[in-house]
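The values are calculated or read from the model by the stated rules, or taken from the named source; none is laboratory data. Worth saying up front: this structure is predicted, and the values here are computed from it rather than measured. Positions of Cβ are generated from backbone atoms using ideal geometry, with glycine treated the same way; all protein chains shown enter the neighbour counts. Surface accessibility is based on the protein's heavy atoms, side chains included, excluding ligands, DNA and RNA. Shrake-Rupley method; radii C 1.70, N 1.55, O 1.52, S 1.80 Å.
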Amino acid sequence: MLTVFAGLGLGLSLIVAIGAQNVYVLRQGIRREHVLVVVAICALSDAVLIVAGVAGLGFVISAAPWLVVVARWAGAAFLLAYGLLAARRAWRGGERLEVGEADATADAAAPAGGTITLTRPSRTRSALAPVILTTLALTWLNPHVYLDTVLMLGSIAATHGEERWLFAAGAIAASILWFTALGYSARHLGRWLQTPRSWRILDALIAVVMIALAVSLVLPVLAG
């Protein structure tokens, strides 16, 4: 059990930090759009990467560092594009949450009889396909995923010998717990996002985070 908890602790320490993936899960949770799909993709992707790292994919990445370089530039380009789209949403505005009468007094996570809907003057609920593609891109185009989840976690798991798969199980559990909590607890923020101004502020913060992460990915390459 100690090995499982060790994997759980390391897994949480690697994914809890603010990043593009977490920001996107948070936003989808607040919007209440395809939360289960987003959480499932993030958790399953982490599980695949953790298993790959424990199985030895880290050695492949060490032997072919250009794979990380490709992921770095592709990830930076995607984050920059997503950040600019968020900045455009913040500039144009238009999103707000409409809260039904029952929800004005009930807990946002369990409305008794009211409804919570996201409305936009000129746009409808996000389609599932773009959400899936965005979630996959934010996960698999992040070079830190390969450096942290595959290389670092895989290397540390190897030190546990025959119990390395128990360590991996703990890390996978951490991913499932974190993304589930992040996606489904975010709806409690809905009560604070009932005005277009609140959504513009949120999108502005998302834009800053995404663009800053894009710059941080390529800055070491440009500086070196």
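Listing for the model above:
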read-out: Qualifying positions in the range 1-46 - in a loop (DSSP other than H, G, I, E, B) and open to solvent by 30 Å² or more (accessible area, probe 1.4 Å); value: 1, 16, 17, 18, 32, 34
read-out: Any chance residue 185 is modelled with pLDDT of 85 or more, crowded, with 21+ Cβ neighbours inside 10 Å and part of a helix (DSSP H, G or I); value: no
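This table checks each residue for (1) in contact with a Ser or Thr (Cβ under 8 Å, 6 or more places away or on another chain); (2) modelled with pLDDT under 80; (3) among the aliphatic types (A, V, I, L, M).
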{"position": "15", "(1), (2), (3)": "yes, yes, yes"}
{"position": "31", "(1), (2), (3)": "yes, no, no"}
{"position": "36", "(1), (2), (3)": "no, no, yes"}
{"position": "69", "(1), (2), (3)": "no, yes, yes"}
{"position": "78", "(1), (2), (3)": "no, yes, no"}
